[in-house]
Every structure is written in C-alpha cells, then in structure tokens.
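Structure, as structure tokens:
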Amino acid sequence: MPIRRLSQSLINKIAAGEVIERPASVVKELMENSVDAGATRIDVSIEAGGVELIRVADSGSGIAPEELPLAVAAHATSKIAEADDLFRVGTLGFRGEALASIAEVSRLLLRSRTADRQDGAEIEVVGGQASDVAPCGCPVGTTIEVRNLFYNTPVRRKFLRSTQTEFGHVSEAFSRIALANPQIHATLRHNGRSVFDLAGSQSWLERIALVFGRDLADNLIAVESSDGAVRLFGYVAQPTHSRSNNHMQYLFLNGRSIRDRSLQHALGEAYRGLLMTGRWPIAFLWLDMPPEQIDVNVHPTKMEVRFQDSSRLYSQLLSTLRAKFLTTDLTARVDSAQMDSARLASAGTPSASENDPASAHDDRHTDRLRQQVVDWAKGKLASFGPRSGEAAWSTGSRPAGPPAAHQSLELTQLSRSWTSDAAEPVDEEPLPGPIPELPPGGAGVPGAPGDATQAFGTRALKALQVHDRYLVAESAEGMLVIDQHALHERILYEHLRERILAGAVEAQNLLVPEPVDLAPAETAAVLEHRALLGQLGLKIEPFGGDTVLVTGYPAMLSNLSPVEVLHALVGQLMSGAKLPDRRDLLDELLHTIACKAAIKAGDRLAPEEIASLLAQRHLIGDPHHCPHGRPTALLFSREELDKQFKRI
Ligand code: ADP
Ligand code: MG
C-alpha cells in the first residue's frame, strides 16, 4: 500500500479509540469540561448504560455561538496556547480533542449560552460532520447530548458490556469527579431514576458521606501533612473498614482523580500489620502541589501522571499515615450483630466490626477534638523518643557475653527497661479535665474527648489470664479481650521498628563471637544483607567458607539464641530479591523477630508480667493488631454487654 495521509475523520477516530473507550469515558470528559467552565451545578442523565444517551448539563460559562464549530473541532482548546503551558496546566482538559473524538463516534448535540446573551446557540455533529450553528433557547451554561455511542464503530460497540456494567463505570466516573469537586451540586440519573443527588458542600467529608454512606464516613481518620510546597490531606479508613480490592483508594491531585502505583504501595505499607492479607485499605487522599512538579501529559485520559520527585511523595504519605496511626485508637469493636453470629457459630470468634453504630457527633467538632488529642498524644509520645529512650533501653539488659540459648522469658525485665524512661507512665496520668465547649475556631484549647480514654486509658488496666493465652481486662469502655502473643508481638515489633528508624537499636557485642554454619547460598545472602542485619542489631562477620560469625546481637532478643535468629531470618533474606524494596525486607525481618521473641499462647504469665504487658499497651503506637493482621484485642462495650444481658 502506498503511503497516504490519513483523513481528519480517521485521525479523530483513532484519537477516539484512545480517549473514548466506553460511555463512562464520555461522562468523564464532559463533566471535566463542565468543571473547567466553572459550573456550580452538573446534571448527568444516562439511558441504557450510556449507549442510547448521555446528557451532561452544566451551569458553567457557556460557549459563544461563533466558537461552537471550534469547540467540536479537533485540536481546538481554550485552555492552553503554547508548549510551556503544558507544564502549568491548571484545568482538567487541555488537549482539545475530547469533543471532536466523541462527535466522531456518536450523534452529538451541543447547546450553549454565555451570560451576556439572551439566546443560546446549538450545533449538531453526526459521525464527525458538523451542522451549521443555529440559535436556540436555553439557560446559561452548556448542555451536551451524546446519542448512539459507537454507532459507526461496530467493533468498539461489540466490546461494551451489559447495561448494568457500563452504568457501573459511569457511576464510578461520576463519583470521582463529584468527590474532586464537593462544592458542585452534582446529580446522576439512569433511565429516569435518580441515583445521586449531591448537594454542594464545603466539607469533603460530607461529600464522601453522601457518596459512600455515613457508616464509612464515621469511620475515617483525618490525615494531613505538608512537605515544602506539597500538601497532603484527606481521610483513611479504620482497619475495620477495608475492601477485597484497591478500588476504594481515591487519590486526587490538584483536583484531578489519578491512579498512582507507588502511592498505593505506600498506603498498603502504612496499613501493614493492620489488615488481613488480601484486604486493602480505603482512602481518600488529596495532593496539592505546584503544577510544574507534575507532568500530566503522559497518559491519554490523564489517569496517570508523572511526579518530579515520587520517592519523596512516597515517604511523605507513609510517614504521615504511620504517625497518625501511632496516635489513633484502632481497637476492633464487637457489636451485637457479631455477638449473635458468634453465639450461633459456637466455635466462632467475633471479628472486627464492619458497621459501627453511626455517630451523632458533629464531624467538624469531633475532628477538632481529635486533632487536640493527637497533639497532646504527640507530646506524650515524644517523651518516648529515641534520645531519651536510648539509655533506658539498656537498663536491665544483660551484661555483654553470649546469651544462654533458650533463656526463660524476660518479659518483666524487658518491660521495665522500656518504661523506665517514662517519668510518668501515660496510663496513670489523668487527662486534662472535662471537655470544655470550644469557641469557634478554638485551636489550642486544652481538652480531650472520650476517644483519648480509649486510646490511652485514664487508669491502669487489671486483667485476668484465661487459658494461658488471653487476657481479659476492664477498660473505661467495657471489656477487652487481648491475645497475649499478638499484643506482645506488636509491642516488640513497634519498639524494634522505632529503634531502627531512629538508628538506635541496642546491640550487645558478644565476648565470644558465635560461629554459624550455613548453606553456600545462605552465606551469600547473609553477607549481602550484612548492613541490613546490622540495622537490626545483628552483627555478622565473614569467617571463611560457609561459616559466618555473629559478633553482636539485639539486646531485646536475649531470650533467643543468635543461631536461632539468624536461621529464622535467612529464608527471608534469600527471597528478599522478590520484594519490591529494602524497606519491605526490613519489615519482614522485623515481623519474624517480633514473632519469635514474643511470649507464646500457652505461656503462663505472672501478675507482674501481665501488668507490664498491659502497661505497654498504652506506650505502643498500634496495639490493636499483631503484625500478621490478626486483631490483638477485641472490645466488648459496656453498652453491648448490657444489651446482651437484657439490661437495656
Ligand atoms: P479541552 O477540554 O481539552 O480543551 P474539549 O474537546 O474537551 O477539549 O473541549 C474543547 C473546548 O470546548 C474547550 O477548550 C472549551 O473551550 C469548550 N468547552 C467544552 N465543553 C464546555 C463546557 N461544558 N462549557 C464551556 N466550554 C466548553
Ligand atoms: Mg475537555
């Protein structure tokens, strides 16, 4: 075939293939145009999943009659003028090809009126052929109707799924834009039935509640941080609310809904140990940053963008969430529905609740109070920081020398060494008085809601050990059932992790280094990861052949032998290459160490041991789940107990 120039129509069809995949893509493009036009209201009507009709009506700026032909022409846009503009895009659109692409594969009718005119004007495009512009009556704003999508591209049409599936995608596209623009009144109808009617709101949480329901909104944790010109804020769900896929991870960048694998990974990392394997966190996160730090022109539908410094963003997200979780109560609650099912399935253990009772609190009030608690708690936690902790860490630890293998449990001793830097243990310090009514914008007013007593307790817990594996304790809220192994594992994990992050793991140098024989591949892996092991306090030297020497040893693991620890870690080091990054490997190692070192189910504990274990519960960031994702504690609220015993 000779080389030919493609016709404009064919070029548009090819472009349409990239941008317009299904009805939902049309909805996205049209709604984005409405947002760019400054609309305060957008009404979307769909017939038959969008194949019959998609109508998007907005109250935006409108288009002047003489510009209508350009609006539907390819590569015509009012949003950028020169190449440099590409790097400071402040609008959702800029490629000037959406309307032309849609019009190429459908019958498109565009009616529009600007505020300075009495009448509007319309233009119709059928399969890419535009009519003349004709006057028409219409309100200020723009209405676009797209009928018979893909009528002239049968292959594309064949790829469409059922009406319900297509509408599902439409609904998702609608929700994303509605979430990104809470101030806009947005409605969605399908076959004449109202699906969403979202009144404009200044509150993002309110919009989330309207789209996803009150229960989820009541179980979100507000997060916020700034790093240079980058501001991150939004909400992440309590671990009780998770999904079996990552579809509920909403990320918005300067008002644009995007997907970003690296940030999703950071999100998963932050929840590591809080969720069961196969469960995904729910998040609504918003990033604001200068447009010149992003390239949005890397993906036809702009779903993915390129960040100038994506690893810095990764760290910002991870550390923001981690810090937040450290000061948030994540105890799994048990509600009556679950108690019922637990009773029915006699061997069943109640699991974390999916439906907490709806809170009647005013969100903003609660948020403000929560922030105060967080600030207060941060101050508290700071006193357990790496500096002051360092000396205390060694208090009560063993003198240098090879630790005896299988030494008996040193829980109390360990515990004491952890707490001794805390001049006043948190659990014994009463919280600042009752909550005063806050004046409007009353930042800095001391106060603490009931939340805090959950998280940090106002008195020491007493507990009974049952079956040598659970601790049953009274808390301010009700009754706690704690898994002793899971809690201890979590405590050790958090402590070790904090030490590592602070570069302050206490290692004991062995007077007589301990030789360990390994398989050749194991030796290689251990030596390759020597630095990493060193971070954990495990010091390794090559000894020649397939023998390595353990010369130093994490002080907190004195109840295990070095050989045991090394053997436990070797397997993970060998598979380390498969893990995405070093952080993951370190985390895996931490989990193993914590699990190995923790007291086991079946260990009978002395009263002091129980007491110190419970005391730790208040000093450690996330006492609620062991690193494997099982809950560490179940809370039976007093109200729940009263209900079950038919007192109320
Ligand atoms: P882009 O959004 O990339 O500029 P489009 O093909 O989506 O390209 O739209 C072309 C032009 O038509 C826009 O630049 C804008 O000037 C105008 N336009 C489209 N939709 C609307 C609308 N709802 N309200 C006002 N102007 C619009
Ligand atoms: Mg556009």
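The values are calculated or read from the model by the stated rules, or taken from the named source; none is laboratory data. Bear in mind that the values here come from a model prediction, so they are computed numbers and not experimental data. No Cβ is skipped: glycine too gets one built from the backbone with ideal geometry, and neighbour counts run over all protein chains shown. For the accessible areas, the whole protein counts, side chains as well, though only heavy atoms, and no ligand, DNA or RNA atoms are used. Shrake-Rupley method; radii C 1.70, N 1.55, O 1.52, S 1.80 Å.
What pairs can you find where one residue is in the stretch 519-535 and free of Cβ contacts under 8 Å to residues at least 40 places away in the same chain and closer than 15 Å to VAL550 by Cα, the other is outside any helix (DSSP H, G or I) and among the small types (Gly, Ala, Ser), and their Cβ atoms are less than 9 Å apart, with a gap of 6+ or different chains?
Final answer for the pair search is THR523/GLY545; GLY534/ALA507; GLY534/GLY552.
Can you tell me which condition VAL133 does not meet? The list is (1) within 16 Å of ligand 2 (Cβ to nearest atom); (2) open to solvent by 20 Å² or more (accessible area, probe 1.4 Å); (3) under 17 Å from ARG107 (Cβ atoms), and all the others hold.
Evaluating VAL133 over (1) within 16 Å of ligand 2 (Cβ to nearest atom); (2) open to solvent by 20 Å² or more (accessible area, probe 1.4 Å); (3) under 17 Å from ARG107 (Cβ atoms) leaves (1) as the failure.
Among the residues of the stretch 10-46, which ones are more than 12 Å from ligand 2 (Cβ to nearest atom) and open to solvent by 30 Å² or more (accessible area, probe 1.4 Å)?
Within the stretch 10-46, LEU10, ILE11, LYS13, ILE14, GLY17, GLU18, GLU21, ARG22, GLY38, THR40, ARG41, ASP43 qualify.
Which of the residues belonging to the stretch 67-106 are out of contact with any helix residue (DSSP H, G or I) (no Cβ under 9 Å at 6 or more places or on another chain) and more than 20 Å from GLY38 (Cα to Cα)?
Across the stretch 67-106, the qualifying residues are PRO69, GLU82, ALA83, ASP84, LEU86.
So which of GLU67, GLU104, GLU52, GLU18 is free of Cβ contacts under 8 Å to residues at least 12 places away in the same chain and either within 26 Å of PRO135 (Cβ to Cβ) or more than 8 Å from ligand 1 (Cβ to nearest atom) (or both)?
That would be GLU67, the only listed residue that is free of Cβ contacts under 8 Å to residues at least 12 places away in the same chain and either within 26 Å of PRO135 (Cβ to Cβ) or more than 8 Å from ligand 1 (Cβ to nearest atom) (or both).
For the stretch 630-648, what are the residues that are part of a loop (DSSP other than H, G, I, E, B) and within 30 Å of the chain's Cα centre (by Cα)?
Residues satisfying the conditions are ARG630, THR632.
Tell me which residues, restricted to the stretch 11-30, are within 20 Å of ASN148 (Cβ to Cβ), part of a helix (DSSP H, G or I) and at pLDDT 80 or above.
Those that are within 20 Å of ASN148 (Cβ to Cβ), part of a helix (DSSP H, G or I) and at pLDDT 80 or above: PRO23, ALA24, SER25, VAL26, VAL27, LYS28, GLU29, LEU30.
When you go through LEU109, LEU198, LEU188 one by one, which is the residue that is over 17 Å from ASN33 (Cβ atoms) and either touching a helix residue (DSSP H, G or I) at 6+ places or on another chain (Cβ under 7 Å) or at pLDDT 95 or above (or both)?
After applying the criteria, what remains is LEU198.
Of the numbered conditions (1) surrounded by 19 or more Cβ atoms within 10 Å (Cβ to Cβ); (2) under 14 Å from LEU613 (Cβ atoms), LYS462 fails exactly one; give the number of that condition.
(1)
For the subset of the stretch 107-150 comprising residues that are of a type in the set (Gly, Ala, Ser) and in contact with a Gly (Cβ under 8 Å, 6 or more places away or on another chain), which member is farthest from ligand 1 (Cβ to nearest atom)?
Of everything passing the filter in the stretch 107-150, GLY137 is farthest from ligand 1 (Cβ to nearest atom).
Enumerate the pairs (first residue in the stretch 77-100 and under 13 Å from ASP295 (Cβ atoms); second residue anywhere and within 6 Å of ligand 1 (Cβ to nearest atom)) with beta-carbon separation below 7 Å, excluding pairs fewer than 6 apart on the same chain, so at least 6 apart or on different chains.
Close Cβ pairs (under 7 Å, with a partner that is within 6 Å of ligand 1 (Cβ to nearest atom)) amount to PHE94/THR77; PHE94/LYS79.
Quick one: which of LEU317, LEU326, LEU275 is on the phi < 0 side of the Ramachandran plot and in contact with a strand residue (DSSP E or B) (Cβ under 6 Å, 6 or more places away or on another chain)?
LEU275
Does SER558 satisfy the condition of being touching a Pro at 6+ places or on another chain (Cβ under 8 Å), hydroxyl-bearing (Ser, Thr, Tyr) and at pLDDT below 75?
Here the answer is yes, as SER558 does meet what is asked.
Of the conditions (1) farther than 11 Å from LEU566 by Cβ; (2) open to solvent by 40 Å² or more (accessible area, probe 1.4 Å); (3) not aromatic (Phe, Trp, Tyr), GLU522 clears all except one; give me its number.
Result: GLU522 fails condition (1) only.
Say whether the condition of being within 8 Å of ligand 1 (Cβ to nearest atom) and either part of a helix (DSSP H, G or I) or at pLDDT 95 or above (or both) is met by at least one residue in the stretch 89-99.
yes
Of all residues in the stretch 54-83, which are within 15 Å of ligand 2 (Cβ to nearest atom), open to solvent by 50 Å² or more (accessible area, probe 1.4 Å) and part of a loop (DSSP other than H, G, I, E, B)?
SER61, HIS75, THR77, SER78, LYS79
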